[in-house]
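The values are calculated or read from the model by the stated rules, or taken from the named source; none is laboratory data. Being a predicted model, the structure only gives us computed values, none of them experimental. Glycine gets a Cβ as well: all are built from the backbone with ideal geometry, and neighbour counts include every protein chain shown. Please note that ligands, DNA and RNA were not included when accessible areas were found on the heavy atoms of the full protein model with its side chains. Shrake-Rupley method; radii C 1.70, N 1.55, O 1.52, S 1.80 Å.
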Amino acid sequence: MERAVATATTVAIALGSNLGDREAHLAFAVARLATRLSNLRQSTWYDTAPVGVGDQPRYLNGIVVGDTTMTARALLDWLLAIERADGRQRPAPGAARTLDLDLILYGDARLAEAGLVVPHPRFRERLFVLEPLAELEPGWVDPVSGEAVSVLLRRARPRPS
């Protein structure tokens, strides 16, 4: 009898930290992610100003891309567990954070469930997501807009005045 083989899906996960030892928090996450994602690749870390969250310390942001056989929901639950294991607290929406992990893309899937929207609804406007994602996967096509990440990045960059 043949066993069914689970098909792997390529995923993009955004990482960010703006409290404590930012690099250590991100390294913690990458080490955990490497235990369940195959073919894991990590972008350069980008030091960025906070966006839309008020007066906070600067962020260190990046992206990892890897393959998983987990469902999108199971992956999201695991990302939240990694955040908690690193001491992430959520005192208020948009609060500064030791570690933030966001599921940006799950293959070419479009999902809208309670607490889970993929692709991430705001990734197309966020340079701190698009720049590292374009570093790893410039040709990845956003399943909503039908445009490659490199095109989304060009559009999101400010125009010279």
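Points worth noting:
- Residue match in segment 126-145 (condition: in contact with a His (Cβ under 7 Å, 6 or more places away or on another chain), closer than 22 Å to Val51 by Cβ and assigned to a loop (DSSP other than H, G, I, E, B)): no
- Residues considered: Thr68, Thr35. Of these, the only one that is among the polar types (S, T, N, Q), open to solvent by less than 30 Å² (accessible area, probe 1.4 Å) and modelled with pLDDT of 95 or more is Thr68.
- Cross-chain or 6+ apart pairs with Cβ under 9 Å, segment 110-130 first and in contact (Cβ under 8 Å) with a residue 40 or more places away in the chain and over 18 Å from Arg58 (Cα atoms), then open to solvent by 90 Å² or more (accessible area, probe 1.4 Å) and of a type in the set (D, E, K, R): Val118/Arg110
- Those strands (runs of 3 or more DSSP E) lying entirely in segment 20-74 with at least 3 residues within 23 Å of Thr10 (Cα to Cα): 38-42, 59-68
- Gly62, sole failed condition from (1) over 24 Å from Asn18 (Cβ atoms); (2) surrounded by 14 or more Cβ atoms within 10 Å (Cβ to Cβ): (1)
- Gln89 part of a loop (DSSP other than H, G, I, E, B) and touching a residue at least 40 places away in the same chain (Cβ under 8 Å): no
- Qualifying residue in segment 140-159 (condition: touching a Phe, Trp or Tyr at 6+ places or on another chain (Cβ under 8 Å), in contact (Cβ under 8 Å) with a residue 40 or more places away in the chain and either farther than 22 Å from Ala29 by Cβ or of a type in the set (A, V, I, L, M) (or both)): no
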